[in-house]
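Q: Below is the structure I would like to discuss, written out as C-alpha cells.
Every number here is computed from the coordinates shown, using simple stated rules; none is lab data. All values reported here derive from a predicted model rather than from experimental measurement. Cβ atoms come from the backbone with ideal geometry, glycine included; neighbour counts cover every protein chain shown.
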Amino acid sequence: MSVDQAVYGHAPPDPSVQAVQAVQAVQAGRASLAKDLEVGAEAAFRGEGPELERVVPVSGRGWSGPRWLRRAVGPVVLLVWWQVLSASGVLAEDVLASPGAIAATAGDLVADGTLPSAMLVSLQRVAVGLLLGGVTGVVLALVSGLSRLGEDLVDATVQMLRSIPWVGVIPLFIIWLGIGEAPKIALISLGVAFHLYLNVYAGIRGVDAQLVEAGTALGLGRWGLIRHVVLPGALPGAMTGLRYSLATAWLALVFGEQVNADDGLGFLMNQAREFFRTDVIVVCLVVYAILGLIADFLVRTLERLLLQWRPTFTGQ
C-alpha cells in the first residue's frame with residue numbers, strides 16, 4: 001500500500017478530474033441562475049411576480065418646495081429679526097439703520113442717479129483689473145505649468161510675491177502710479193493674477209499622466225497634447241480660480257476705492273462715513289454683495305457649459 005492510499009484510504013484524486021468537476025459546477029451554477037432569471041422575467045411580464053414598492057430616497061422626505069424658496073428662508077428670517085430689533089429700539093439708528101430705512105435710502109439713491117453712476121464706475125474698474133490680472137495670471141501659469149524651465153524661472157518668484165499681503169502694496173502703488181485710477185486697477189489686477197496663477201498651474205500639473213501617455217500613443221504632438229489633453233484637463237481648476245479671482249476683485253475694489261476716489265461705491269461709503277450715514281454704507285455693501293453674486297452666477301453658468309463632459313456630484 002502506498003503512502004497516498006494510507007492517507008486517503010483509496011487512490012489519490014486526479015487533479016485533472018478535479019478541474020473538470022469544478023468547471024462543470026460553475027457551468028451548472030450559471031445555468032441555474034439563468035433559468036431563475038428567465039422564470040422571474042416571465043412572471044414579471046405576466047404580472048405574477050411579487051408587488052414592488054417604490055423606494056423613496058432620504059432626501060425626498062421633508063419639505064419638497066422650490067429650492068430658491070428654501071434658500072431664501074435664512075435671509076428673510078434675518079431681515080425680519082433685524083427689523084424687529086430696530087423697531088423695538090434695541091438696535092439704535094445711529095449704530096445700524098433698519099432694513100426699512102436702508103430700502104428707502106436705496107430708492108432715493110437710485111432715483112437721483114447717484115447709485116447707478118457709482119455702480120458703473122466700480123464695474124469698469126473691476127472689469128479692467130480682472131482682464132489685466134487674468135491675462136497675466138494665465139500666461140504665467142501656462143509658462144510655469146507646461147515647462148520645467150518655466151517653472152524654475154517663474155514659480156519661485158510668484159510664490160514669493162504671493163506671500164506678501166497685496167493690500168500692503170497700496171502705499172507703493174500710490175508712490176509709483178499716483179492717486180488716480182491706475183493704483184486701483186493695479187491692486188485689483190494683483191489680487192486676481194495670484195488666484196488664477198495658482199489654480200491654473202495646479203490644474204495643469206494635476207492632469208493624469210496616463211492621459212498624456214494615451215495621447216502620445218495616439219500620435220499627438222506637443223501642441224496636440226496641450227490643446228486636446230492638458231488644457232481641457234486644467235479647465236476645472238481655471239474655473240475655480242476665476243471664481244476666487246472675482247471675489248478677490250471685489251475685495252480689492254473696496255480697498256482701492258478708499259484711495260482718494262472721487263466716484264464709485266467706495267466714494268459713496270467714504271462720504272457716508274463722514275456723516276455717520278450707516279444706511280448709505282449698508283446700501284453700498286449690499287450692492288457689492290449683489291454684484292459679486294451676479295458675477296459668480298455667470299461663472300457657474302459658464303462652468304456648466306464648458307464642463308458638460310465632467311459629471312459631478314450635485315448633492316442629495
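Q: Can you check what the Kirkwood hydrodynamic radius comes to for the stretch 62-181, Cα pairs only, in Å to one decimal?
A: Computed over Cα pairs of the stretch 62-181, the Kirkwood hydrodynamic radius comes out at 20.0 Å.
Q: Roughly how big is the stretch 80-209's charge dipole about its Cα centre, with Cβ charges of +1 (Lys, Arg) and -1 (Asp, Glu), in debye to the nearest 20?
A: Here the stretch 80-209 has a charge dipole of around 340 debye.
Q: Sticking with this one: Please list 78-86, 187-195 highest first by mean number of surrounding beta-carbon atoms within 10 Å per residue.
A: For the peptides 78-86, 187-195, the packing ranking is 187-195, 78-86.
Q: Can I ask one more? Please list the radius of gyration and Dmax for the stretch 112-179, considering alpha-carbon atoms only, with Å as the unit.
A: 16.7, 57
Q: Hey, another quick one. Compute the relative contact order of the stretch 158-240 as a whole-number percentage, counting only Cα pairs closer than 8 Å that sit 6 or more residues apart in sequence.
A: Relative contact order comes out at 31 percent.
Q: Spelling out what I want: for every residue of the stretch 164-178, take phi, set θ = phi - 60°, compute 6.51 cos²θ - 1.76 cosθ + 1.60 (Karplus), and round to whole Hz; glycine and proline get x.
A: 7, x, 5, 5, x, 8, 4, x, 5, 4, 5, 5, 6, 10, x
Q: Just to check I understand the Karplus step: with θ = phi - 60° and J = 6.51 cos²θ - 1.76 cosθ + 1.60, what whole-Hz values come out for the stretch 67-84, glycine and proline as x?
A: Result, ordered by residue: 5, 5, 6, 5, 5, 7, 4, x, x, 5, 4, 5, 5, 4, 5, 4, 5, 5 Hz.
Q: Could you tell me whether the stretch 126-229 comes out rounded, prolate or oblate from its Cα gyration tensor? Rule is a ≥ b ≥ c as square roots of the eigenvalues, rounded for a/c under 1.5, then prolate if a/b exceeds b/c, otherwise oblate.
A: Prolate, because a/c is 1.5 or more and a/b exceeds b/c.
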